[in-house]
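Undergrad: Sharing a structure with you now.
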Amino acid sequence: MDFIKKNTHWLLRLVVVIVFLYHGWPKLANVSGIAEMMQLPWILALAVALFEVLGGLAVFLGPIIRQPLVTRVGAGMLAWIMLSVIIIVHLGEGWKGMEFPFLLLVVNLHWVFNPQED
């Protein structure tokens, strides 16, 4: 039981990195199209894609390389993205559709303040 308790954070980290890579990688492959679709300047669309990809990787790799700062920075990048999504996309709709972005925001804020769980 101690092994499970000590290592469940890896499952959460893996799921979070998959979610952000799944959404960020296609944005990197088509920054201009994403910028047009999201009605953002090209450079901001690129920043969103990079935050999603690099932030997700940093959250996963931080504990592996034993660098809490890597985890903190990556989680901060992802928390910023989720806060922006909540404010720009979901806030006007109330709680409707905000549950998943809110969950990702809270998980990443947890890692900003508690980066190493191994």
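Undergrad: For Lys96, which of the numbered conditions (1) modelled with pLDDT under 95; (2) of a type in the set (D, E, K, R); (3) assigned to a helix (DSSP H, G or I) fails to hold?
TA: It is condition (3) that Lys96 fails.
Undergrad: Residues to consider are Leu44, Leu40, Leu28; find the one that is outside any helix (DSSP H, G or I), of a type in the set (A, V, I, L, M), free of Cβ contacts under 8 Å to residues at least 40 places away in the same chain and out of contact with any Lys or Arg (no Cβ under 8 Å at 6 or more places or on another chain).
TA: Details: Leu44 fails: outside any helix (DSSP H, G or I); Leu28 fails: outside any helix (DSSP H, G or I).
Going through Leu44, Leu40, Leu28 in turn, the sole match is Leu40.
Undergrad: Confirm whether Ile34 is farther than 14 Å from Val73 by Cα, more than 15 Å from the chain's Cα centre (by Cα) and not small (Gly, Ala, Ser).
TA: Details: farther than 14 Å from Val73 by Cα: yes; more than 15 Å from the chain's Cα centre (by Cα): yes; not small (Gly, Ala, Ser): yes.
The answer is yes for Ile34.
Undergrad: Let me confirm something: among Ile18, Ile88, Ile43, Ile34, which residue is of a type in the set (A, V, I, L, M) and either in contact with an Asp or Glu (Cβ under 8 Å, 6 or more places away or on another chain) or modelled with pLDDT under 95 (or both)? Show your work before the answer.
TA: Values: Ile18 fails: either in contact with an Asp or Glu (Cβ under 8 Å, 6 or more places away or on another chain) or modelled with pLDDT under 95 (or both); Ile43 fails: either in contact with an Asp or Glu (Cβ under 8 Å, 6 or more places away or on another chain) or modelled with pLDDT under 95 (or both); Ile34 fails: either in contact with an Asp or Glu (Cβ under 8 Å, 6 or more places away or on another chain) or modelled with pLDDT under 95 (or both).
Being of a type in the set (A, V, I, L, M) and either in contact with an Asp or Glu (Cβ under 8 Å, 6 or more places away or on another chain) or modelled with pLDDT under 95 (or both) holds for just one of Ile18, Ile88, Ile43, Ile34, which is Ile88.
Undergrad: Here is a further query. Could you grab me the full set of residues in the stretch 69-96 that are out of contact with any Pro (no Cβ under 6 Å at 6 or more places or on another chain), within 19 Å of Leu50 (Cα to Cα) and not aliphatic (A, V, I, L, M)?
TA: Gly74, Gly76, Trp80, Ser84 - these are the residues of the stretch 69-96 that are out of contact with any Pro (no Cβ under 6 Å at 6 or more places or on another chain), within 19 Å of Leu50 (Cα to Cα) and not aliphatic (A, V, I, L, M).
Undergrad: Now a separate question. Within the stretch 85-118, which residues are of a type in the set (D, E, K, R) and surrounded by 15 or more Cβ atoms within 10 Å (Cβ to Cβ)? Write out each step before concluding.
TA: If we filter the stretch 85-118 for residues that are of a type in the set (D, E, K, R), which is where we start, we get 93, 96, 99, 117-118.
Glu117, the sole residue that qualifies.
Undergrad: Here are some residues: Pro115, Pro101. Which one is modelled with pLDDT under 95 and closer than 15 Å to Val16 by Cα?
TA: On the way: Pro101 fails: modelled with pLDDT under 95.
Testing whether each residue is modelled with pLDDT under 95 and closer than 15 Å to Val16 by Cα leaves just Pro115.
The values are calculated or read from the model by the stated rules, or taken from the named source; none is laboratory data. Quick caveat: nothing in here was measured; it's all calculated off a predicted structure. Cβ atoms come from the backbone with ideal geometry, glycine included; neighbour counts cover every protein chain shown.
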